[in-house]
Amino acid sequence: MQVNLDIFGQVNNQQVDLITIQNSRQTSIQITNYGCIVTSIKTEDRNHHIDDIVLGYESLDKYVQGHPFFGAIAGRFANRINNGRFSIDGKLYQLECNEVTTNQHLHGGNKGFDKYVWAYDIEENTDKIMVHFHRVSVDNESGYPGNLFVTHSIGLDENNQIYYDFRAITDKPTIVNLANHSYYNLSGYNHSSIVDHELKVFSDFYTPVNGKLIPTGEILSVSGTHLDFREFAKIGDNMRKHPTGEIDHNFILKGEMFNKDYKFAAELYDPNSGRCMTVITTQPALQIYNGSKLSNKCWIGRNGFRYESFQGICFETQHYPDSPNFVHFPSCLLKPNHVYEQKNIHKLAVR
């Protein structure tokens, strides 16, 4: 295992670094302390050819100019909150409604956790290297109550496991829902789209949404829908069962345990390269987004490659969207003297 540091640039006179972690199996990840963004994940295919399997940029300037959460942390509350409103102990809080297409609160607002420079420490072990990013989200930041002390740890080990861990404490009751928002393409970011990837999701039910992508409160079976990935299915085949081909839905994980700490969330396989990825988590749900809206704007990525719709797929392990407004959804309330802690592993392999 080895780790290298490079200067990536500056944001508001704060230095931004690019951290590269590599293991002995030629797998590497690059992370920047601006928004805890995973800018690159390189790994071998079945023929030992190395590709970068996440969508991203080669420069800090492009991230600062704006992007659809390529590789970034989403928070203080990942996903959407209806009309940006929620209540705690009878007090109503109003957040900004920053998603233009739906007029809903999304991923923490106009300046969510993805737009801050984080302090960090590096933990080096013989078989794993972790980067612990940390910051204080101050009381009323983006309208959220409480000073939130957050640590987001990202790492890589010798078994080709990528870690996305979250920990937070607060001095006032607040809501917390944190997620990584990487877009994966196991063929390589500049190869074919993800429609020929095969996907399995460990979920029998999902939360349907209204026209503004806010949950209706119902919990429905995936059976007979384009969201039925209970067995491996080609993503494109399922997309053709829906008028738009869009997948941007919250899957309720059924709790099939990987081990005593983690449950299975999803498995992704690319027959072309032989790469596969298993997602395991402590979270109750998984938002899957197939990048359907990427063509709505012009996103020019590495080496001048344009990211089009369905070029990458996101696996956002998290609590349900709009959780604060549904008492039958798992609670995302964090109180003082309690700890928010969630862990996720994306395990890479070939077959």
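Residues checked against (1) farther than 23 Å from ASN250 by Cβ; (2) among the basic types (Lys, Arg); (3) under 17 Å from the mean Cα position of the chain (by Cα):
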site: GLN10; (1), (2), (3): yes, no, no
site: ASP17; (1), (2), (3): yes, no, no
site: ALA72; (1), (2), (3): no, no, yes
site: ASN79; (1), (2), (3): no, no, yes
site: THR102; (1), (2), (3): no, no, no
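Any idea which of ILE162, ILE175, ILE194 is over 30 Å from PHE133 (Cα atoms), in contact with a strand residue (DSSP E or B) (Cβ under 9 Å, 6 or more places away or on another chain) and of a type outside the set (Ser, Thr, Tyr)? Break it down into steps so the answer makes sense when it comes.
Numbers: ILE162 fails: over 30 Å from PHE133 (Cα atoms); ILE175 fails: over 30 Å from PHE133 (Cα atoms).
Only one candidate qualifies: ILE194.
What do you reckon, is ASN160 within 28 Å of GLY291 (Cα to Cα) and in contact (Cβ under 8 Å) with a residue 24 or more places away in the chain? If you could, list the steps in order and put the result at the bottom.
Details: within 28 Å of GLY291 (Cα to Cα): yes; in contact (Cβ under 8 Å) with a residue 24 or more places away in the chain: yes.
Yes; evaluated as a whole, the condition is true for this residue.
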Self-check item: Count of the range 321-339 residues which are of a type in the set (Ser, Thr, Tyr) and buried (at least 21 other Cβ atoms within 10 Å of the Cβ)
Solution: 1
Self-check item: Single residue of the range 39-75 satisfying the filter (closer than 30 Å to GLY146 by Cβ and in contact with a His (Cβ under 9 Å, 6 or more places away or on another chain)) that is surrounded by the fewest Cβ atoms within 10 Å (Cβ to Cβ)
Solution: PRO68
Self-check item: Residues satisfying the stated conditions in the range 304-351, i.e. part of a helix (DSSP H, G or I) and free of Cβ contacts under 8 Å to residues at least 40 places away in the same chain
Solution: GLY304
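Among the residues of the range 128-154, which ones are among the small types (Gly, Ala, Ser) and surrounded by fewer than 23 Cβ atoms within 10 Å (Cβ to Cβ)? Steps first, please.
The first filter runs over the range 128-154 and keeps only residues among the small types (Gly, Ala, Ser), leaving 137, 142-143, 146, 153.
Those that are among the small types (Gly, Ala, Ser) and surrounded by fewer than 23 Cβ atoms within 10 Å (Cβ to Cβ): SER142, GLY143, SER153.
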Self-check item: Filtered residues of the range 87-135 (kept if of a type in the set (A, V, I, L, M, F, W, C) and either more than 30 Å from LEU156 (Cβ to Cβ) or touching a His at 6+ places or on another chain (Cβ under 6 Å) (or both))
Solution: ILE88, LEU92, LEU95, CYS97, VAL100, ALA119, PHE133
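None of the figures in this text is laboratory data; all of them are computed from the coordinates on show. This structure is a prediction, so every number in the text was calculated from the model and none was measured. Every residue, glycine as well, gets a Cβ built from its backbone with ideal geometry; the counts of neighbours run over all protein chains shown.
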